[in-house]
1. Given a 1.4 Å probe and every protein chain left where it sits, what share in percent of the accessible area of the chain is carbon and sulfur?
2. Starting from the alpha-carbon convex hull of the range 4-179, give the projected area averaged over all orientations, in nm².
3. How far apart, in nanometres, would the label points at residue 33 and residue 82 be if each is projected 7 angstrom from Cα along the Cα-to-Cβ direction?
4. Tell me which of 137, 149, 175 sits at the most positive position along the dipole axis of the range 101-183, charges placed on C-beta atoms (Lys, Arg +1; Asp, Glu -1).
5. Can you show me the helix-derived [θ] at 222 nm for the chain, built from DSSP H runs with n ≥ 4 at -39,500 (n - 2.57) apiece and divided by the number of residues, rounded to the nearest 500.
6. Set the bar at 32 Å for Cα to Cα. Now go through 37/63; 37/109; 8/89 and name every pair that lies beyond it.
Amino acid sequence: MISKNMEKAINGQINNELYSAYLYSAMSADCAFKGLKGFANWFMVQYHEEMLHAMKFYEYVIKMGGKVRLLAIKEPPAEFKSPMDMFQKTLAHEQFITKCIGELVELAKKEKDHATEVFLQWYVTEQTEEEENDNDIIAQLKLIGSDTAALYLLDKEKATRLTTVPTDFSKGVEAAMKAAGGA
Ligand code: FEO
């Protein structure tokens with residue numbers, strides 16, 4: 001079981017993860033509109049990852065006998081200045097998510113909720129990877145500067161990113177993750 005306090009905090013985090021999915025699909029749409037099909041693909045893969053993060057929390061609340069509450073998702077921006085603007089905003093958002101996960105860990109420790117503390121470790125590790133990916137792409141974009149030919153090539157490279165997480169949660173996240181090879 002989880003406390004009412006923890007249930008509320010995780011429901012808040014489900015909303016944060018769903019907003020992340022919303023934000024990255026907005027970035028994907030803006031990239032597609034501007035002809036940056038590779039970056040559009042990269043952000044669409046990210047959208048799927050965020051849906052997994054949300055649904056993994058969703059399933060955990062249910063598994064622990066809690067009640068999932070889906071809160072309103074705020075509207076993300078629709079326009080971004082450049083790929084650099086998008087990735088800087090992505091990094092800032094992921095740093096916020098890392099802080100939120102850290103606060104959940106602190107709450108689990110305070111409540112001596114060992115099961116949730118262990119469950120959250122997956123997200124702690126995931127956040128390190130998320131921030132690293134964003135830092136790497138920001139570094140690549142800095143190298144490119146205003147070289148449009150190099151940006152064209154980087155966009156082509158980002159078209160190769162594949163969705164490695166399950167996208168069908170109809171049978172539950174754990175089963176879907178196992179079927180997809182334990183993403
Ligand atoms: Fe679910 Fe990108 O943090």
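The values are calculated or read from the model by the stated rules, or taken from the named source; none is laboratory data. Remember, predicted model here, so these are calculated numbers, not experimental data. With ideal geometry, Cβ positions are generated from the backbone for all residues, glycine too; neighbour counts draw on all protein chains shown. In case anyone asks, the SASA skips ligands and DNA or RNA and just uses the protein heavy atoms, side chains included. Shrake-Rupley method; radii C 1.70, N 1.55, O 1.52, S 1.80 Å.
1. Details: 5750 of 9830 Å².
About 58 percent, which is the carbon plus sulfur part of the accessible surface.
2. Values: hull surface 41.3 nm².
With the hull built on Cα positions only, its mean projection is 10.3 nm².
3. Placing both labels 7 Å beyond Cα along the Cβ direction yields 1.9 nm.
4. 175
5. Taking each H run of at least 4 residues, the total per residue is -25500 deg cm²/dmol.
6. Working: 37/63 39 Å; 37/109 44 Å; 8/89 27 Å.
Going by Cα-Cα distance, 37/63; 37/109 fall outside the 32 Å limit.
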